[in-house]
Amino acid sequence: MPDDLAAAPVTAGPSSKRRGRAKRLSPDLVEEIRIAYEGSRASLRTIGEGFGMSAPSIAKQAKARGWLRRREPLPGDPLDRAALVKRLFHAAERQLSEIERRLSINYSRRNRFSSCSRS
């Protein structure tokens with residue numbers, strides 16, 4: 001990791017309302033914060049409290065350094081069952097809507113052509 005990124009300033013304190021001088025982060029502390037940010041699903045507030053920083057400070061550091069949050073749980077992580085059920089219902093609704101739309105198009109075509117042949 002480049003040294004200039006490790007020395008990037010960060011707002012000190014648990015609240016973004018505090019004003020004061022920005023403190024410098026050691027490369028080791030930056031690495032610990034990165035591991036907590038990228039390797040867990042904890043909220044920014046929780047991560048920030050663990051390092052004596054605010055959630056916006058964690059977010060600014062992550063954005064400046066190009067850190068990415070983990071989207072999918074690792075094996076053994078508990079599932080968010082409510083979110084999973086919501087996603088499954090949403091996917092099923094989209095598929096059913098598409099099937100109904102296709103059936104209505106086919107039905108209207110069939111009726112249009114069958115009325116021509118009856119004349």
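Any read-out appearing in this document is the output of simple, stated calculations on the displayed coordinates, not a laboratory observation. Please read all numbers here as calculations on a predicted model, not as lab measurements. Cβ atoms come from the backbone with ideal geometry, glycine included; neighbour counts cover every protein chain shown.
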Between the modelled labels at S26 and S97 (7 Å from Cα along Cα→Cβ) the distance in nm is 5.4 nm
Extension length gain for S104 and T46 (0.36 nm per residue less Cα distance), in nm, is 15.8 nm
Ranked output for segments 81-91, 29-39 by mean other Cβ atoms within 10 Å, highest leading, reads 29-39, 81-91
